[in-house]
Every structure is written in C-alpha cells, then in structure tokens.
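J.: Take this structure, written in structure tokens, and hold onto it; I'll ask about it next.
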Amino acid sequence: MNRFLALFLLLPGLAWAQASVTPAPTRWHAVLVAGDPSLEVWDAAVESLGLGLERGGGLASLRRFSARQDRTTQGAEPATPDRVLAAIAQMRPGPGEACLVFLTMHGVPNQGLAFPLSRQAVGPAPLDAALSQGCGRAPTFVVVSACYSGGFAAAPMARPNRVILTAARADRSSFGCGAQFSLTVFDRCVITAMMVGQGGAPGVARSARDCVAAEEARQNMRPPSEPQAYIGAEAVALVPRLRKN
C-alpha cells in the first residue's frame, strides 16, 4: 500500500490520518494555562502537568498562566487572551523540538474559551493563528479542556503537524469542575494517559476518552461529553514526555 495513502482510525470523535511520521521530539516548549479563578481544579492541572514535564527531562521552556491572584504572586503570568496568545506566538521551537499548549477553563457555546480576567472568549481561529506563528510546522500537541470545546479539533486548527484533544463535543458540556474534585475528570484522564504514553497520540486519545466514559457511566452523567480528537498525519507518534524513559 502507498505509504502516503491516508488511513482513518474509525473511532468516534477521533480523526487520524496516517502518513509519514515525524520522529518523537526530544525537547518541549510548553504554555500551560489555567484560565478561571473560581476553583483550584484548573491550576491543579497546570501544576500537575508542569511537574510531569520537569520530571520528563525534555523541557526547553515553560510558561504558566493563571487567573488566580495567589498563583500570579507566586510567579504565574496573568491568564488573559492577549498574554496567552502572545506567549504561544513566541514559542519558536528549533530542530528536534515541539510545542505543547494546555488550556483548561470554562467554555462558552459557539464562542470558545472563557477568560474571566478580561471578560473575553477565544475561539479556534485566534488560537490557530498564534500556533501557526509560534510553532509553524513543528510538532504541536494541544489540549483544550473546556465545555463545548470540540470545535478546536476541526478546521482551522486541524493541521498535519498537530495533535488536538478536547474535553467535549462542540455542543456538550464537560464535568468535574466542582469543589469536590482535585482535577476535572478530563484533565485527570488526559494527564494520566500522557504519562503512560502507550500507542502514540491515538493511544493517548483513546485512553483519555475511555477513562472519561467510564467515569460518566459510574456517575450516571447524561448526556456524555464525548471528548474529541484530531491527530495529524505527521503527528501520530507525538506524546509529551512526562517521565523519564
């Protein structure tokens, strides 16, 4: 079979085109964003992922953003759209390096990610523009953890060098942002899947989706959130390194 023939993994919510695969990068530039100040869960996810990246030993740069004053006084940057998008546009990975963008917060139907500090929402188009400027054709792994975030796993965001995981369908809410949770369910599931790292990007997407579905069944949550994923043809092997091999 011609190796440039696109193959599609027929798993609901997951688009995967297999072609030539870029070797796994050795160093990561990361922008991690907790965009809402109302609860600890979003900052807890950013901090957990940041620690994992540091343990992995392949971190080229890391910028953390938070909407909580206690975090910004400890060194996090304020989570506003202009600052976050500028940081992404400035990532500029070199050869053998990759981009990781992790955004966790509330979502707004038909608008995108909610940034309470500026009372603005950011949709797929400005995020795509920032990624295109900052990462270009470098391998890029994006997690958009918010309600109604499925639109980020489609055009214009869907590009051959990108992996995009979202917490829910474009018309569905996610769950797990109550005070009784240490992390949102999707954040816990996707960080755990990345830490295991089996099966490349498709394996991480499948594992996170199955983990969310199991928790929804356990809690009798209806309708299901149906996390979405897009995996570009050049990014099948792309998984952030959260522990040393």
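J.: Of everything in segment 24-50 that's part of a loop (DSSP other than H, G, I, E, B) and polar (S, T, N, Q), which residue is nearest to Ala121 (Cα to Cα)? Break it down into steps so the answer makes sense when it comes.
T.: Initial filter on segment 24-50 (part of a loop (DSSP other than H, G, I, E, B)): 24-26, 35-40.
Now narrow it down to the ones that are polar (S, T, N, Q): 26, 38.
On the way: Thr26: 33, Ser38: 16 Å.
For segment 24-50, the residue satisfying everything is Ser38.
J.: For Phe186, indicate whether it is closer than 26 Å to Pro93 by Cα, aromatic (Phe, Trp, Tyr) and buried (at least 18 other Cβ atoms within 10 Å of the Cβ). Spell out how you get there, then give the answer.
T.: Details: closer than 26 Å to Pro93 by Cα: no; aromatic (Phe, Trp, Tyr): yes; buried (at least 18 other Cβ atoms within 10 Å of the Cβ): yes.
So Phe186 fails the test.
J.: Would you mind stating whether Gly232 is crowded, with 17+ Cβ neighbours inside 10 Å and at pLDDT 95 or above?
T.: Details: crowded, with 17+ Cβ neighbours inside 10 Å: yes; at pLDDT 95 or above: yes.
Considered against the rule, which asks whether it is crowded, with 17+ Cβ neighbours inside 10 Å and at pLDDT 95 or above, Gly232 comes out as yes.
J.: For segment 148-167, how many residues meet the condition of being over 12 Å from the mean Cα position of the chain (by Cα) and surrounded by 24 or more Cβ atoms within 10 Å (Cβ to Cβ)?
T.: 1
J.: Mind checking which residues of segment 174-188 are modelled with pLDDT of 90 or more and among the polar types (S, T, N, Q)? If you could, list the steps in order and put the result at the bottom.
T.: From segment 174-188, those modelled with pLDDT of 90 or more are 183-188; that's our starting set.
Residue satisfying the conditions is Thr184 alone.
J.: Name every residue in segment 51-82 that is part of a helix (DSSP H, G or I), out of contact with any strand residue (DSSP E or B) (no Cβ under 6 Å at 6 or more places or on another chain) and touching a residue at least 12 places away in the same chain (Cβ under 8 Å), in order of residue number. Please lay out each step first, then the result.
T.: Quick first cut of segment 51-82, residues part of a helix (DSSP H, G or I) only: 51-56, 69-72, 81-82.
Going one step further and asking which of them are out of contact with any strand residue (DSSP E or B) (no Cβ under 6 Å at 6 or more places or on another chain), we end up with 51-52, 54-56, 69-71, 82.
Of everything in segment 51-82, those that are part of a helix (DSSP H, G or I), out of contact with any strand residue (DSSP E or B) (no Cβ under 6 Å at 6 or more places or on another chain) and touching a residue at least 12 places away in the same chain (Cβ under 8 Å) turn out to be Gly52, Arg55, Gly56, Gln69, Arg71, Asp82.
J.: Related question: Can you name the condition, by its number, that Val212 falls short on among (1) assigned to a loop (DSSP other than H, G, I, E, B); (2) buried (at least 18 other Cβ atoms within 10 Å of the Cβ)?
T.: (1)
The values are calculated or read from the model by the stated rules, or taken from the named source; none is laboratory data. Every value quoted in this text rests on a predicted model; they were computed, and no experiment measured them. Glycine gets a Cβ as well: all are built from the backbone with ideal geometry, and neighbour counts include every protein chain shown.
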